[in-house]
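Data first, discussion second: the structure below is written as structure tokens.
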Amino acid sequence: GQNIDQPTEMTATEGAIVQINCTYQTSGFNGLFWYQQHAGEAPTFLSYNVLDGLEEKGRFSSFLSRSKGYSYLLLKELQMKDSASYLCAVRGDNAGNMLTFGGGTRLMVKP
Amino acid sequence: SQTIHQWPATLVQPVGSPLSLECTVEGTSNPNLYWYRQAAGRGLQLLFYSIGIDQISSEVPQNLSASRPQDRQFILSSKKLLLSDSGFYLCAWIQPWDRANYGYTFGSGTRLTVV
């Protein structure tokens with residue numbers, strides 16, 4: 001099975017940097033995804049890591065360590081619109097290619 | 001371009017009534033399709049997935065069912081809704097053989113309230 005843990009809530013200040021951690025224990029691994037979800041809306045894709053290391057995409061970066069079962073999402077130059085839930089999800093190595101999601105981290109950006 | 005449509009956007013249904021939520025994908029063929037449910041303030045729980053027509057796999061026991069009568073159509077149903085069926089239902093798709101398009105795309109979701 002899959003077990004994915006991330007903090008429930010975080011608060012940060014506009015213009016600052018925030019790191020959202022995710023740890024996972026899985027029976028198989030075929031990639032880790034980060035999604036952003038604003039209240040009442042569907043999740044939107046942010047990043048994908050399948051190899052160890054850092055993937056940078058504008059203000060957002062995602063890091064993966066497969067040996068440690070650990071990932072983080074780094075958000076730089078925070079903006080008020082970044083207030084949302086951030087979902088960590090792991091894809092197993094099964095035929096269905098299903099994603100298993102963590103409970104999500106609700107990020108509140110304050111002025 | 002590929003698009004995913006999900007309807008209705010919101011639904012209020014009495015306990016014991018039937019349910020039918022529909023999801024269609026355009027611009028691709030043979031996608032993997034998924035139904036997820038999200039309780040308020042919680043993560044996404046996988047309910048069903050399908051890798052082809054009439055091929056449905058269930059992840060959790062419940063009074064819901066899913067069907068895939070056509071390649072790009074995925075339907076979530078219930079004969080009798082329970083209060084615990086309330087939540088935000090999301091359909092998603094992926095083209096597993098497309099290495100350049102590995103991101104799962106979600107529909108806009110259906111907010112179901114059972115009263």
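Every number in this text was worked out from the coordinates using simple rules, so none of it is lab data. From a predicted model like this one, the values you see are computed outputs, not experimental measurements. Please note: Cβ atoms are built from the backbone with ideal geometry, for glycine as well, and neighbour counts cover all protein chains shown.
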Self-check item: Whole-Å semi-axes of region B:1-108's equivalent ellipsoid (Cα gyration tensor)
Solution: 24, 14, 13
Quiz item: How many angstrom separate the Cα center of region B:42-115 from the Cα center of region A:38-111?
Solution: 21 Å
Quiz item: When chain B is treated as a GNM, springs tying every alpha-carbon pair under 10 Å, which of B:Gly16, B:Gly41, B:Gly27 comes out with the largest mean-square fluctuation?
Solution: B:Gly41
Quiz prompt | Pair A:Phe29, A:Asp5: separation of 7 Å Cα→Cβ label points (nm) | solution = 1.6 nm
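Taking neighbour counts of Cβ atoms within 10 Å as a proxy for exposure, in what order, fewest first, do B:Ile51, B:Ile4 appear? All intermediate terms of the calculation are to be shown ahead of the outcome.
Working: B:Ile51 16, B:Ile4 22.
Lowest to highest Cβ neighbour count: B:Ile51, B:Ile4.
Compute for region B:18-67: radius of gyration divided by Kirkwood radius, i.e. Rg/Rh, restricted to C-alpha atoms, rounded to two decimals. Could the numbers behind the result be given before it?
Numbers: Rg = 12.0 Å, Rh = 12.3 Å.
Ratio of gyration radius to Kirkwood radius: 0.98.
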Practice problem: Using the 2.2 N^0.38 Å rule of thumb for compact globular proteins, work out how chain A stacks up: its C-alpha Rg over that value, please. | Solution: 1.03
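Taking the convex hull of the alpha carbon atoms in the protein assembly as shown, what volume per residue do you get, in Å³? Don't jump to the answer; show the numbers that get you there.
Values: hull volume 27.5 nm³, N = 226.
It is 122 Å³ per residue.
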Practice problem: May I ask for the percentage of alpha-carbon pairs in region A:62-111 that lie more than 13 Å from each other? | Solution: 68 percent
Quiz item: Among B:Tyr104, B:Tyr36, B:Tyr49, which one moves the most in a GNM of chain B with springs linking Cα atoms closer than 10 Å?
Solution: B:Tyr104
Practice problem: Take every Cα pair under 8 Å in region A:14-86 that's 6+ residues apart, average their separations, divide by the length, and report that relative contact order as a whole percent. | Solution: 39 percent
Exercise. Under a 10 Å cutoff between Cα atoms, tell me which one of A:Ser83, A:Ser67, A:Ser47 has the largest fluctuation in the Gaussian network model of chain A.
Key: A:Ser67
Quiz item: Counting DSSP beta bridges with both partners in chain B, what percentage is antiparallel, nearest 5?
Solution: 90 percent
Exercise. Quote the charge dipole size of chain A about the Cα centre in Debye, to the nearest 20; the model charges only the Cβ of Lys and Arg (+1) and of Asp and Glu (-1).
Key: 20 debye
